[in-house]
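> Structure provided below as structure tokens; questions to follow.
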Amino acid sequence: MIGFLVRRILWIPVVLLAVTVLTFMLSQASGHPEAAYVAEDAPPEVVEQVIKRYHLDEPAVTQYLWYLKNLLRGDWGISRSSSNLPVLEAIKEYFPATLEVALLAILIAMLISLPLGIAAALNRNGWIDNVTRVLSLAGVSLPIFVSALLLQYFFFFKLQQAGLFHFPLGGRVTLGLIIDHPLKRVTGMYVLDSLLTGNWSIFFDSFKHLLLPALSLGLASTGMLTRITRTSMLDVLNEDYITVARAKGLRESRLILTHALRNSLIPVITILGLRLGRILGGTVIVETVFFFPGLGHWAVGAICTSDSASIMGFVLLISIIRSLLNLVTDLGYSLLDPRIRCE
Amino acid sequence: MRNRALGKWGLLVLLACSVVLTFAVATFGQTIDTDATYTYIRKAECKSLDPHNAKDNYSLVILGDIFQRLVQVDYEDVSVLVGDAAASWSISEDGLNYTFHIREGLKFHDGSDLTAHDVKFSLDRMILMNGTAGLAARYNSVLGAQDYISSGMTQADADAYLAAGGVVVEDDYTVTIHLLQPNITFMNLLSLYSDIVSEDYVMANGGLVPGEENDFISRNPMGSGPFTFVEWVPGQRVVLERYEEYWEGPANVKRVVAEFISEASVQLLKLRSGEADVIDLAFSDANQVLDLETGESLFPEIQVLSYPLLRQGAVFFNFAVSPYDDVRFREAISKAFPCDLFIEVVLYNMFGNRINSIIPIGMPAYPTDIPVLENDPAEAKALFEAVGWTGTLDMTIRSNNATSKQLALMMKDSIEDLDVGITVNIEELNSSTFVGQMRAGELDFWNNSMGAQSPKADHVVDGFLWSNGYYASQQSFVNEEIDALFFAARAEQDQEARNAMYHEIIALANALYVNIPLYQDHSLAVMGSWVGGWKSSPLLWDRRSYFIEKYEQ
């Protein structure tokens, strides 16, 4: 187990190094990285100074080594597309918003897919199973941006048109409200911070803003999770120990909840860990549609302005998170099922 | 709002009428809400709130609310400058010494006095910092500045600059700027980039290191303008609050919020719901708020203004690349392009007017009697055939500019329709790559629109036609006759004589087809009917929020 852990941990820097090489090579493709640093009509002297300051006139390998050295020192560069913040500062600013959406999305996905998957398994080939199958297929097939736009259309436009309670079109919080009720930063996650500081106006408002982006991200994972829950549950229900328990007269509800469910969740949890990584990647689209100021929104802005430091920072961060999530998933898998040994 | 056929004065009268009529309707019989928050949405976020290292419009509009400059543009007539922090000023006869008398009693937002020492510190700081916005180079006529900018910017270089005595404090409320050579645009420069920071505040927060930018100041500005800085939430908003002690009296709104949202439809929804007061739409999105046939607003709660800017769109060539080095080829391209149709179809005759020169309408030096470059497909075809070049032209545009894209498509069609063996390939680049390639002289054929810094033609000729100017050097364009006229005009104190020289320069440039000046941009201001006090400045660098009024609904 420890050997496995050490090996997995040692692989992470290798993966990250490969990511930095790839992103650095791509950043060189634009040809004029200095243009992102200076004003459009900046005089040649200023352009020269920027080129020298950031070693842009040196060979690509030397530039990469400078980049790597700075990276290790905690200097990830300057995010020119985001008010000239250092990239790490920008990540600190935007990441809590993305984490908030991603966590709620995974919660929504679980709350929808687990009951549906179990119900489908228990009613195998019945109408619930068939309906679930169709819904899962739709969930897997529907691109995130389509579900996001549909949610906006129904829960903002249509409800607003009908004069009913409606969700906000986008953003993170109502502007007038946060100005009148300033939120003290604790974690950077508005819902959590407002809860911790008892700022109830912001709590309800930020939760309202969070729901549609999280729902559209969560729905994208629901289809697959429902199918996996169903399959896993069916496998477990066909196990001998379930037949024995049923023969001994154990109540069906107890049988399902205490004996079958726990074991059927092992593959589901594995997938959940991996989905969280995908959900973080999916925020690029959702945050753009809902103009939600998180990492994805920041990354799109960086791409549109050739802000290579921010793009490389974003890709590196997502790589770190996914590497860690994979590690945690593998470990969690072996902990949940002692029969599985990590080798 | 149709103004294509109007001349200079017609355009200006139209502008005045549109503004006056709109606000006469909007303001009649309404009560101003002095506790209101004024929210305006911008398409992009400001880059820096350090006034000595910011040059983008998104930052400058916010900085105009926070800081005072020595002088500012008069909104009624942009060719006139009025005092801001400076109560009065005098210029020596040789044009080398500018003495400013600072208003007494001005206070920064922290309560400290604004004195001549702060003015000197601010100007010196702009030069010594020499930030990436490139503002220091604009002050290269200040004594000692050019040597410093060209140096390694060490502490010794900074000391040498300070010893040169470019900016001298005469007493607590008098400061003199000494120039190396006369510069007729120097006062205009001060109206744009002379924001005054508190020396004590800067020195207590990161100080002044030669050649280094100050991150703290860029995120925590403190000035003496009508609004104090409250917060900047990256990616979301900047919030300002009314400064009650402002020397001209407190502003009409209590709070100003600049919100950053790129999506036009979202901006419009926010405006219609009253969450925003003014939004930032591009012409390509104008159909969301305007009936493009009548020019009327589609919504009763929304008012729309369009007014000409000192900003022009043109097509450029790289003279170092064949076939653009042949004047007949450039002339053929000019004659092939149906500019009137472009203004009618793409700019709806509302968002742009035809110009005959790279000097736009509204500048005193605008050459009224020079004809526009006419569309003549038959002659264009004859010229292309006379040159005999066939192949593919690469036209480069910015990917985020819908107008530019439409222009390129129309250019492609108009040339290819002549059937002379020439095809046009349109290459879209994002803005920074476009600028990087343009600066490096790697573009062959491109279109761009650029705003003037002041109503002085000197700025335009400097950038576009002087051989070492910003755009001309990217085009590898060199013309000694134009250069000589440019420097003669710069030294000429008589306005009439100067204008005659600019006229000669434009005639030469048009004959050579240095570039193809096509249209003058208009600004689109979209706001709620409850908003008044909007000031329309053709320079775009306006201080808007101080004048804004919001009416109780």
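> What is the stretch B:181-276 by shape, rounded, prolate or oblate, if you read a ≥ b ≥ c off the alpha carbon gyration tensor as root eigenvalues and call it rounded for a/c under 1.5, prolate for a/b larger than b/c, and oblate otherwise? List each step's numbers first, then the result.
On the way: a/c = 1.69, a/b = 1.60, b/c = 1.06.
Verdict is prolate for the stretch B:181-276.
> With a 10 Å radius around each residue's Cβ, average the other Cβ atoms per peptide and rank B:96-103, B:517-524, B:390-397, A:158-165, highest first.
Values: B:96-103: 19.0, B:517-524: 23.0, B:390-397: 16.8, A:158-165: 10.4.
Per-residue Cβ counts within 10 Å, averaged per peptide and sorted highest first, yield B:517-524, B:96-103, B:390-397, A:158-165.
> Report, in debye and to the nearest 20, how large the dipole of the protein assembly as shown comes out about its Cα centre when Lys and Arg carry +1 and Asp and Glu carry -1 on their Cβ. Write out the running numbers ahead of the final one.
Details: 64 positive and 100 negative charges, 1080 e Å.
Charge dipole of the protein assembly as shown: 5180 debye, to the nearest 20.
> Right, here's the next one. Find which of B:168, B:201, B:137 sits farthest along the positive direction of the dipole of the stretch B:103-228, computed with +1 on the beta-carbon of Lys and Arg, -1 on that of Asp and Glu, about the Cα centre.
Working it through, the farthest residue towards the positive pole turns out to be B:137.
> Check which residues have an amide H placed less than 5 Å from residue A:79's amide H, if you skip close sequence neighbours.
For residue A:79, whose amide H was placed from the backbone, the distant partners under 5 Å are A:85, A:87.
> Another question, then. Tell me, in nm to one decimal, what length is gained between residue B:427 and residue B:322 on full extension, where the rule is 0.36 nm per residue of separation less the Cα-Cα distance? The partial results should precede the final answer.
Values: separation 105, 0.36 × 105 = 37.80 nm, distance 1.84 nm.
Gain on extension, residue B:427 to residue B:322, equals 36.0 nm.
> Still on this model: How large is ³J(HN,Hα) for each residue in the stretch A:83-92, as worked out from phi by the Karplus curve 6.51 cos²θ - 1.76 cosθ + 1.60 (θ = phi - 60°), to whole Hz, x for Gly and Pro?
Taking θ as phi minus 60°, the curve returns 6, 6, 6, x, 4, 5, 5, 4, 5, 4 Hz for the stretch A:83-92.
> Let me ask something else. Can you pick out the pairs among A:184/B:55; B:55/B:107; A:208/B:535; B:47/B:120 whose Cα atoms lie more than 29 Å from each other?
Values: A:184/B:55 32 Å; B:55/B:107 25 Å; A:208/B:535 37 Å; B:47/B:120 25 Å.
Where the Cα-Cα span goes over 29 Å, the pairs concerned are A:184/B:55; A:208/B:535.
> Gaussian network model of chain A, Cα springs within a sub-10 Å range: biggest mean-square fluctuation belongs to which of A:283, A:329, A:98?
A:329
> Relative contact order, percent, of chain A when contacts are C-alpha pairs under 8 Å separated by at least 6 residues? Could the numbers behind the result be given before it?
On the way: 412 pairs, mean separation 91.2, N = 343.
Once normalised by length, the contact order is 27 percent.
> Using per-residue counts of other Cβ atoms within 10 Å, averaged over each peptide, order A:314-324, B:479-489, B:444-454 from highest down. List each step's numbers first, then the result.
Numbers: A:314-324: 18.5, B:479-489: 16.5, B:444-454: 21.0.
Top to bottom by mean Cβ count within 10 Å: B:444-454, A:314-324, B:479-489.
> Let me ask another. May I have the extent of the alpha carbons of the stretch A:107-164 along their three principal axes, as whole Å values ordered from largest to smallest?
Projected onto its principal axes, the Cα set of the stretch A:107-164 covers 41, 24, 22 Å.
> Shifting gears a bit: Need one number: nm distance between label points at residue B:248 and residue B:32, each 7 Å from Cα along Cα→Cβ, rounded to one decimal.
1.2 nm
> Quick one: 3J(HN,Hα) in Hz for the stretch A:125-140, Karplus 6.51/-1.76/1.60 with θ = phi - 60°, rounded, Gly and Pro as x.
Result, ordered by residue: 6, x, 5, 5, 4, 5, 5, 4, 4, 5, 5, 5, 4, 5, x, 5 Hz.
> For chain B, what class follows from the C-alpha gyration tensor (a ≥ b ≥ c being the square roots of its eigenvalues): rounded when a/c is under 1.5, otherwise prolate if a/b is larger than b/c, else oblate?
Details: a/c = 1.83, a/b = 1.24, b/c = 1.47.
Verdict is oblate for chain B.
> When the dipole is taken about the Cα centre of chain A, and only Lys, Arg (+1) and Asp, Glu (-1) are charged at their Cβ, what size is it in debye, to the nearest 20?
Numbers: 27 positive and 24 negative charges, 317 e Å.
In debye, rounded to 20, chain A gives about 1520.
> Amide H of residue B:107 versus every other amide H placed in the peptide plane: which residues, excluding those fewer than 5 positions away on the same chain, fall under 5 Å?
B:114
> Enumerate the amide H contacts of residue B:33 below 5 Å, restricted to partners 5 or more residues apart or on another chain; note that Pro and chain-start residues carry no placed amide H.
Close amide H contacts, sequence-distant or interchain: B:550, B:551, B:552.
> Still on this structure, I have one more. Treat each spin label as a single point 7 Å out from the Cα along the C-beta direction, and report the residue B:392 to residue B:75 distance in nm.
Each label point is offset 7 Å from its Cα along the Cβ direction, giving 5.1 nm.
> For the stretch B:473-553, with the dipole built from +1 on Lys and Arg beta-carbon atoms and -1 on Asp and Glu ones, taken about the Cα centre, which of B:479, B:530, B:519 lies farthest toward the positive end?
B:530
> Say a paramagnetic label sat at a point 7 Å from the Cα of residue B:88, along Cα to Cβ; which residues of the stretch B:104-119 have their backbone N under 16 Å from it?
B:104
> Could you go through the stretch A:230-241 in sequence order and give the Karplus-derived ³J(HN,Hα) for each residue, using 6.51 cos²θ - 1.76 cosθ + 1.60 with θ = phi - 60°, rounded to whole Hz, and x for Gly and Pro?
Karplus values, whole Hz, x for Gly and Pro: 4, 4, 5, 5, 4, 4, 5, 5, 8, 6, 4, 5.
Just so you know, all these numbers are worked out from the coordinates, no wet-lab data involved. Quick caveat, the model's predicted, so the values are computed rather than measured. No Cβ is skipped: glycine too gets one built from the backbone with ideal geometry, and neighbour counts run over all protein chains shown.
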